[in-house]
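The values are calculated or read from the model by the stated rules, or taken from the named source; none is laboratory data. Please read these numbers as outputs of a predicted model, since none were measured by experiment. Here Cβ is always computed from backbone atoms with ideal geometry, including for glycine, and neighbour counts include all displayed protein chains. Remember, those area values only see protein heavy atoms, side chains included, never the ligands or the DNA or RNA. Shrake-Rupley method; radii C 1.70, N 1.55, O 1.52, S 1.80 Å.
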Amino acid sequence: HKISPLFSAEWIRREVTRVLNYSKKELDETFMPKNLVSVMGLIADNKITRQTGQRLMERLVDKDLDVTKYVKKENLEIVSSAKELEEICKKVVGDNDKAVQEYLDGNEKSFNFLVGNVMKLTRGKGNPKVINEILRKLVKN
């Protein structure tokens, strides 16, 4: 994995601290140290979203998981298949004429609404960058 030092520092400061505070445990009482690099690597490699990473960190408080296998088994990987995302985006654009028109009239929030609907249909696993590209292309045509 190529994990940026800035991301690592932020993740450790924010996520590890958040989960430890919430669970009222010390780091060495959890399975986080053993799996931290794997979780950050999956996020850095765009295999999972940050939100999924957060859920994994919470599981690692009291469960020793093979993070990579768990992500596959539970079907938590980001949906990056352009074909799959394009079908979902087409459905969202087709079902939301008003939001599409508002976006074309200059309302950026309407575009975010469309992105949100795609994310809802992918259960938060859609790759936001790919979704944005596909939606912008669909809406302009």
Q.
Going residue by residue through segment 37-45, is there one that turns out to be over 28 Å from I134 (Cβ atoms) and surrounded by fewer than 20 Cβ atoms within 10 Å (Cβ to Cβ)?
A. yes
Q.
If I ask for residues that are touching an Asp or Glu at 6+ places or on another chain (Cβ under 6 Å) and within 21 Å of N127 (Cβ to Cβ), which ones from segment 2-50 would you list?
A. K47
(Q) If G124 meets every condition in (1) surrounded by 13 or more Cβ atoms within 10 Å (Cβ to Cβ); (2) modelled with pLDDT of 90 or more apart from one, which number is that one? (A) (2)
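For residues that are β-branched (V, I, T) and within 17 Å of G124 (Cβ to Cβ), scanning just segment 51-79, find the one that is modelled with the lowest pLDDT. Can you show your working first?
Keep residues of segment 51-79 that are β-branched (V, I, T), which gives 52, 61, 67-68, 71, 78-79.
Filter again for within 17 Å of G124 (Cβ to Cβ), leaving 52, 71, 78-79.
Working: T52: 90, V71: 92, I78: 80, V79: 76.
Looking at residues that are β-branched (V, I, T) and within 17 Å of G124 (Cβ to Cβ), I get V79.
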(Q) I'd like the residue in segment 48-78 that is open to solvent by 80 Å² or more (accessible area, probe 1.4 Å) and over 15 Å from the mean Cα position of the chain (by Cα) and, out of all such residues, is nearest to I12 (Cα to Cα). (A) R59
Q: Answer yes or no: is there a residue in segment 80-88 that is modelled with pLDDT of 90 or more and surrounded by fewer than 16 Cβ atoms within 10 Å (Cβ to Cβ).
A: yes
Q | Wholly enclosed helices (runs of 4 or more DSSP H) of segment 35-115 bearing at least 1 residues of a type in the set (A, V, I, L, M) and within 30 Å of R18 (Cα to Cα) | A | 50-59, 67-73
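State whether one or more residues within segment 4-24 are open to solvent by less than 40 Å² (accessible area, probe 1.4 Å), in a loop (DSSP other than H, G, I, E, B) and in contact with a Ser or Thr (Cβ under 8 Å, 6 or more places away or on another chain).
First, pick out the residues of segment 4-24 that are open to solvent by less than 40 Å² (accessible area, probe 1.4 Å): 7-8, 11, 15-16, 19-20, 23.
Subsequent filtering for residues that are in a loop (DSSP other than H, G, I, E, B) retains none.
Among the residues of segment 4-24, not one is open to solvent by less than 40 Å² (accessible area, probe 1.4 Å), in a loop (DSSP other than H, G, I, E, B) and in contact with a Ser or Thr (Cβ under 8 Å, 6 or more places away or on another chain), which makes the answer no.
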Q) Quick check: anything in segment 116-132 without any contact (Cβ under 8 Å) to a residue 12 or more places away in the chain, closer than 25 Å to T52 by Cα and either in contact with a His (Cβ under 6 Å, 6 or more places away or on another chain) or among the polar types (S, T, N, Q) (or both)? A) no
